[in-house]
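Enquirer: Okay, handing you the structure first.
The values are calculated or read from the model by the stated rules, or taken from the named source; none is laboratory data. The shown structure was predicted, so the numbers you read here are calculated from the model rather than taken from an experiment. Cβ coordinates were reconstructed from backbone atoms using ideal geometry, including for glycine residues, and neighbour counts include every protein chain displayed. Just the protein is used for accessible areas: all its heavy atoms, side chains included, with ligands, DNA and RNA removed. Shrake-Rupley method; radii C 1.70, N 1.55, O 1.52, S 1.80 Å.
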Amino acid sequence: MKLKYYRINNIFRKNNPEINLPNDYLIFESFSLNYHEFYFGGLETAKFILDLVSNYKNIDDLSILEWGCGPGRIIRHFPTLTNSSCNYFATDYNSKSINWCTENIKDVNFSINDLLPPTQFENSFFDFIYGISVLTHLSENNYYKWYSELIRIIKPNGLILLTTHGEASTMKLKINEKQLFKNNSIIEKGNTIEGHRTYTSYAPEFFLKKLFSSNSEIIYYKKGEAKNWGIEKDIWIIQKSN
């Protein structure tokens with residue numbers, strides 16, 4: 001990867017000397033080793049999240065959490081995209097990522113969580129939580145545990161935005177795995193540590209609709225599609241009940 005992106009990453013460094021980036025492995029582990037896509041793609045994702053959520057909630061005076069923030073690719077942009085009345089939090093199980101974020105990103109409160117919940121946050125603490133490609137690296141058992149935790153720490157009527165590997169992503173699966181997916185089973189792949197980018201899971205729509213109906217309501221759902229740049233993830237927005 002370093003060889004693949006060596007030239008364009010050098011150009012990025014030359015053109016953007018003021019932008020501080022984490023070390024190469026932290027970037028690779030959370031995304032890919034393309035500096036431009038890491039930074040400016042993170043900015044576009046942050047804008048997309050805020051634009052989408054603003055259809056359902058006024059982005060003003062909110063407590064916002066990024067669950068599974070990695071080295072801050074997305075959350076680092078939130079303070080400049082929203083007004084100063086919001087409070088920003090981010091958490092991840094990778095202590096090296098959190099240490100880098102704490103030292104290099106201002107106006108965001110970073111904390112470390114374990115691979116298993118709970119987090120350190122109080123009940124009904126946040127107005128909005130998002131997790132971009134976090135469930136996609138967890139086991140079925142942790143889908144249940146982490147969703148319960150997110151519901152615990154979100155306020156009544158608060159919003160949770162999550163992305164998952166849906167039907168479009170199953171083109172990567174073997175024939176027998178595709179059949180299991182069609183039968184509404186979660187598919188887990190990878191001989192690595194759960195939570196790492198090389199550990200992946202694929203969750204059927206039926207399974208997630210059942211999971212997300214617990215103490216909550218699905219208010220937005222968009223199936224991912226195959227694009228010329230790759231495969232989109234499914235997007236879900238869930239609202240906690242009163």
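Enquirer: I'd like the full set of residues that are open to solvent by 20 Å² or more (accessible area, probe 1.4 Å), touching a residue at least 40 places away in the same chain (Cβ under 8 Å) and in contact with a Phe, Trp or Tyr (Cβ under 8 Å, 6 or more places away or on another chain), limited to the range 1-41.
Expert: Passing the criteria: ASN23, PHE31.
Enquirer: Just for the range 148-164: of the residues that are open to solvent by 20 Å² or more (accessible area, probe 1.4 Å) and not in a strand (DSSP E or B), which one is nearest to SER185 (Cα to Cα)?
Expert: Among residues in the range 148-164 that are open to solvent by 20 Å² or more (accessible area, probe 1.4 Å) and not in a strand (DSSP E or B), the one nearest to SER185 (Cα to Cα) is SER148.
Enquirer: Oh, and also: Where in the range 185-242 are the strands (runs of 3 or more DSSP E), entirely inside, with at least 1 residues that are surrounded by fewer than 16 Cβ atoms within 10 Å (Cβ to Cβ)?
Expert: Where strands (runs of 3 or more DSSP E) fall fully within the range 185-242 and carry at least 1 residues being surrounded by fewer than 16 Cβ atoms within 10 Å (Cβ to Cβ), they are 187-189, 216-222.
Enquirer: Surrounded by fewer than 17 Cβ atoms within 10 Å (Cβ to Cβ) and either in contact with a Cys (Cβ under 7 Å, 6 or more places away or on another chain) or under 26 Å from THR164 (Cα atoms) (or both), is that true of LEU62?
Expert: no
Enquirer: Separate question: Every residue in the range 42-58 that is without any contact (Cβ under 8 Å) to a residue 60 or more places away in the chain and either of a type in the set (Ser, Thr, Tyr) or open to solvent by less than 70 Å² (accessible area, probe 1.4 Å) (or both), please.
Expert: Answer for the range 42-58, where residues must be without any contact (Cβ under 8 Å) to a residue 60 or more places away in the chain and either of a type in the set (Ser, Thr, Tyr) or open to solvent by less than 70 Å² (accessible area, probe 1.4 Å) (or both): GLY42, LEU43, ALA46, LEU50, SER54.
Enquirer: If you check every pair at least six apart or on different chains, which have Cβ atoms under 7 Å apart with a residue in the range 119-138 that is assigned to a loop (DSSP other than H, G, I, E, B) first and a residue that is open to solvent by 40 Å² or more (accessible area, probe 1.4 Å) second?
Expert: Every condition considered, the pairs that remain are ASN123/ARG152; SER124/LYS155; SER124/PRO156; SER133/LYS233.
Enquirer: Scan the range 140-151 and give yes if some residue there is touching a residue at least 12 places away in the same chain (Cβ under 8 Å), of a type in the set (Phe, Trp, Tyr) and more than 25 Å from CYS86 (Cα to Cα), otherwise no.
Expert: Pass one, the range 140-151, residues touching a residue at least 12 places away in the same chain (Cβ under 8 Å): 140, 142-151.
With of a type in the set (Phe, Trp, Tyr) added as a condition, the list becomes 143-144, 146-147.
Filter once more, so that each one left must be more than 25 Å from CYS86 (Cα to Cα): 143-144.
Yes, because at least one residue in the range 140-151 is touching a residue at least 12 places away in the same chain (Cβ under 8 Å), of a type in the set (Phe, Trp, Tyr) and more than 25 Å from CYS86 (Cα to Cα).
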